[in-house]
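Participant: So that we are looking at the same thing, I have put the structure below in structure tokens.
The values are calculated or read from the model by the stated rules, or taken from the named source; none is laboratory data. Keep in mind it's a predicted model, so treat the numbers as computed, not measured. A quick note on method: Cβ atoms are made from the backbone with ideal geometry, for glycine too, and the neighbour counts reach across all protein chains shown. We work out accessible area using only protein heavy atoms, side chains counted, and drop any ligands, DNA or RNA first. Shrake-Rupley method; radii C 1.70, N 1.55, O 1.52, S 1.80 Å.
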Amino acid sequence: MNYVPLHVHTSRNSVGDSILKLDKYINKAKDLGLKSLSVTGHGSLADMYDFYFKCIENNIKPIIGCEIYLTPDMEDKTKDSKTYHMILLAKDNEGLKNLINIVSIASLDGFYKKPRVDLKYIKQHSTGLICTTACVGGMLPQLILNNSDEIEEHIKELLEIFADDLYFEIQPGDFIDQVTVNNKLIELSNKYNVPLVVTNDIHYLNQDEYLIHDYHVRLGRKMTISEDLIYPDKVYYLMSYDELFSSMDMYDNDIVRAAIENTNVIADKCNVSVEIESLNLPEFVCPEGYTPRTYIEQLCYERLEKIKYLIKDPSQYIDR
């Protein structure tokens, strides 16, 4: 019996919020006998190609996704605009194209402090995508925690967009918000016939790295070190099936088993193929005698020459 981790942050696609290295992630997954893996960076697909081809090399099925920043209106760029988390996974190549489109527009048009996108735009580009409701930072979990009267409206909107590809995401953790969200999502799953899926929002490789991760996040946010963890529980690591099942032991065992099995159901739905030839990298016209690589090097040296009076040791930049 096994599962698929569907909510995973690496140090490159969630900069400042993860210490998980891609190679170590894949190697441990192989040791655990996992056959499929995902990456879901914060508003980013930075690890997508490396992840895909390294999985293929290791006979692992890659699932490409992103934890987007959802906002009610991406044209609203005021301090009162809110953002929430949402997981989108590509089922097929059309879904991958739509995911890339959504992530790009979030950075180009929706950016305000973070790359943001709204459901109106997602609805127009939702073909081939699976949606899960993410962590307690997701919009549905936040509506639950605020006891909002918009819960039903939001669920109906998600169902209209994603239909059978919508999943309510429950996660381990003993802190009160997580437990409250899980219990309500289990209830809503029955009411709206939306399947549950278990994830554990992976940010580091092994459980004993929780404190290193906490310090890493604090440094990035310029916070002081304290005894209270930013992430309240020590559950955000790559678990075995048994560890994941045990981490949800406060809930009905049959519900948890079915929700873990849904990670495999989702993985079976996802079949994306990526070819190097399809990258379509732009071609730049360079001055005579230059290649793109040598020309960009020349531009870097020219710029360094102009600003070197501001730099104590220009040699460190040349080394880079």
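Participant: Mind listing the long-range amide H neighbours of Val197? Cut-off is under 5 Å, sequence gap 5 or more, other chains count too, H placed in the peptide plane at 1.01 Å from N.
Facilitator: Amide H neighbours of Val197, under 5 Å, 5+ apart: Phe168, Glu169, Ile170.
Participant: Assign unit charges at the C-beta atoms only (+1 for Lys and Arg, -1 for Asp and Glu), then state the dipole size of the range 60-176 relative to its Cα centre in Debye, rounded to the nearest 20.
Facilitator: Dipole magnitude for the range 60-176 comes out near 540 debye.
Participant: Distance between the C-alpha centers of the range 79-103 and the range 294-314? Whole Å please.
Facilitator: 38
Participant: Summarise the accessible area of the range 85-153 (1.4 Å probe, protein heavy atoms) by the percent that is carbon and sulfur.
Facilitator: 47
Participant: List every residue whose amide H lies under 5 Å from the amide H of Val39, counting only residues 5 or more places away in sequence or on a different chain, with H placed 1.01 Å from N in the peptide plane.
Facilitator: Ile63, Gly65
Participant: Where Rh is the Kirkwood radius over the Cα pairs of the chain, the temperature 20 °C and the viscosity 1.002 mPa s, what D in µm²/s does Stokes-Einstein return?
Facilitator: The estimated diffusion coefficient comes to 101 µm²/s.
Participant: Mind checking the dipole of the chain: about its Cα centre, +1 per Lys or Arg Cβ, -1 per Asp or Glu Cβ, Debye to the nearest 20?
Facilitator: 920
Participant: Rounded to whole Hz and in sequence order, give me ³J(HN,Hα) for the range 167-183 from the Karplus expression 6.51 cos²θ - 1.76 cosθ + 1.60, θ = phi - 60°, writing x for Gly and Pro.
Facilitator: Whole-Hz 3J(HN,Hα) from phi for the range 167-183: 9, 8, 9, 10, 9, x, x, 8, 5, 4, 4, 5, 5, 4, 5, 4, 4.
Participant: Relative to the present Cα-Cα distance, how much length would full extension add between Lys113 and Ser226 at 0.36 nm per residue of separation?
Facilitator: In short, 38.1 nm is gained.
Participant: Placing +1 on the Cβ of each Lys and Arg and -1 on the Cβ of each Asp and Glu in the range 45-204, which of Val194, Val136, Val117 has its Cα farthest towards the positive end of the resulting dipole?
Facilitator: Val117
Participant: Which of these, Ile100, Ile230, Ile161, has the largest mean-square fluctuation under a Gaussian network model of the chain (Cα springs below 10 Å)?
Facilitator: Per the Cα network of the chain with a 10 Å cutoff, Ile230 tops the list.
Participant: May I ask you to derive the FRET efficiency for Asp50 and Asp149 from their Cβ-Cβ distance with R0 = 51 Å, giving the value to the nearest 0.05?
Facilitator: After rounding to 0.05, the efficiency reads 0.70.
Participant: When the chain is fully extended, how far beyond the present Cα-Cα distance does Ile318 get from Ile212, taking 0.36 nm per residue of separation?
Facilitator: Difference between extended and current length: 35.0 nm.
Participant: Run the 1.4 Å probe and let me know the accessible area of Val15, rounded to the nearest 10 Å².
Facilitator: Its heavy atoms expose roughly 120 Å² to the probe.
Participant: Within the range 70-94, list the residues whose amide N lies under 14 Å from a label point set 7 Å along Cα→Cβ of Glu275.
Facilitator: Only 93 fall inside the zone, counting backbone N under 14 Å.
Participant: What residues have an amide H closer than 5 Å to that of His85, excluding those fewer than 5 places away on the same chain, when H is modeled at 1.01 Å from N in the peptide plane?
Facilitator: Residues meeting the criterion, in which the H sits 1.01 Å from N, are Leu70, Gly138, Met139.
Participant: Separate question: Under 8 Å for C-alpha pairs, at least 6 residues apart: give me the relative contact order for the range 88-171, rounded to a whole percent.
Facilitator: Dividing the mean separation by the residue count of the range 88-171 yields 30 percent.
Participant: Label-point separation (nm) for Ser246 and Asn2, each offset 7 Å from Cα along Cα-to-Cβ?
Facilitator: According to this spin-label approximation, the distance is 2.0 nm.
Participant: Provide the per residue accessible area, probe 1.4 Å, for the chain, rounded to a whole number of square angstrom.
Facilitator: Per-residue value: 53 Å².
Participant: Something else: Which ³J(HN,Hα) values in Hz, rounded to whole numbers, follow from the phi angles of the range 286-302 under the Karplus curve 6.51 cos²θ - 1.76 cosθ + 1.60, where θ = phi - 60° and Gly and Pro get x?
Facilitator: For the range 286-302, the Karplus-derived couplings read 9, x, 4, x, 10, 9, x, 5, 5, 5, 5, 4, 4, 4, 5, 5, 5 Hz, x marking Gly and Pro.
Participant: Hey, another quick one. Rolling a 1.4 angstrom probe over the protein chains, ignoring ligands and nucleic acids, what is the accessible area of Asp313 in square angstrom, nearest 10?
Facilitator: For Asp313, solvent-accessible area is about 70 Å².
Participant: If R₀ is 41 angstrom, what is the calculated FRET efficiency for the pair Asn101 and Asp254, using the beta carbon separation as r and rounding to 0.05?
Facilitator: Step by step, r from the Cβ atoms, then E = 0.60.
Participant: While we're on this one: Sticking with the crude label model, points 7 Å out along Cα→Cβ, report the distance from Asn27 to Tyr309 in nm, one decimal please.
Facilitator: Here the modelled spin labels are 4.9 nm apart.
Participant: Residue by residue through the range 134-143, which ³J(HN,Hα) values in whole Hz follow from phi under the Karplus form 6.51 cos²θ - 1.76 cosθ + 1.60 (θ = phi - 60°), with glycine and proline marked x?
Facilitator: Those phi angles translate into 6, 7, 5, x, x, 5, 4, x, 5, 4 Hz.
Participant: To continue, here is another question. Cut-off 10 angstrom, C-alpha nodes, Gaussian network model of the chain. Which of Ser273, Ser14, Ser226 fluctuates the most?
Facilitator: The residue with the greatest mean-square fluctuation here is Ser226.
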